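Scroll down for the structure; my scribbles are underneath it.
The values are calculated or read from the model by the stated rules, or taken from the named source; none is laboratory data. Only a predicted model underlies this, so the values are computations on that prediction, with no experimental measurement involved. Here the Cβ positions follow ideal geometry from the backbone for every residue, glycine too, while neighbour counts run over all protein chains shown.
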Amino acid sequence: MLSERELAFIAIHKDSYPRVYRFVRRRVESADIAEELAADVFRVVWQKRGDEPRSDLAWLLTVARNLVGNAYRSRDRQQALQEKLRAAAVVRGGDDSGNVAVQDAMAQLRDKDRDILQLAYWDELSTAEIAGVLQCSESAAKVRLHRARAAFRKHMPSGAESITAEATTQKMGA
């Protein structure tokens, strides 16, 4: 049986989620990010609940605006890091280096694909260790790693086939 507080939260979510989602969706580049941020708004509502959870739309949209701002700052930091890594690759290996191609391909990957490749190649973790970090089964980690490698290959420029798997590993880990 649900408590009154839980029922009140469900009512707030049911009544407000569509408006919160639309508010967030107009401010971010993808529906997936909008769904995640809208869900985070209600996570904050749940965490900050008192005897009566706050339900006024203005407060919910303020929380949403703050979360959108956090998401943009996080994205900007990620882009700055990628630019820094690219610049370091150019300095180390020259502008036509395989390092630059690898860095550019990595920058184009989804965060999840980039993370698993970094775990495998930069951190030199085994599939079992990757599974532990990602909190999934070893077979799921193998599948994710396989998919990330395929996505990486798609983003490598044509003519980059000469970069062998061993060289790619060294470039990614450099």
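Scanning the range 139-159 for residues being at pLDDT below 90 and surrounded by 15 or more Cβ atoms within 10 Å (Cβ to Cβ) gives a total of 2. Condition first: closer than 23 Å to Asp32 by Cα and not in a loop (DSSP other than H, G, I, E, B). Now tell me which residues in the range 119-145 satisfy that. Hits for the range 119-145 are Leu134, Ala140, Ala141, Val143, Arg144, Leu145. Being modelled with pLDDT under 90, of a type in the set (A, V, I, L, M) and touching a helix residue (DSSP H, G or I) at 6+ places or on another chain (Cβ under 9 Å): is that true of Leu117 here? No.
Selection of the range 125-146 for residues being without any contact (Cβ under 8 Å) to a residue 12 or more places away in the chain and among the charged types (D, E, K, R) yields Glu129, Glu138. Restricting attention to the range 115-138 and to residues that are surrounded by fewer than 16 Cβ atoms within 10 Å (Cβ to Cβ) and of a type in the set (Gly, Ala, Ser), the residue that is nearest to the chain's Cα centre (by Cα) turns out to be Gly132. In the range 7-25, the condition of being exposed (fewer than 14 other Cβ atoms within 10 Å of the Cβ) and in a loop (DSSP other than H, G, I, E, B) is met by no residue. One residue stands out among those in the range 68-105 that are surrounded by fewer than 12 Cβ atoms within 10 Å (Cβ to Cβ) and within 17 Å of Pro157 (Cα to Cα): the one that is modelled with the highest pLDDT, which is Gly94.
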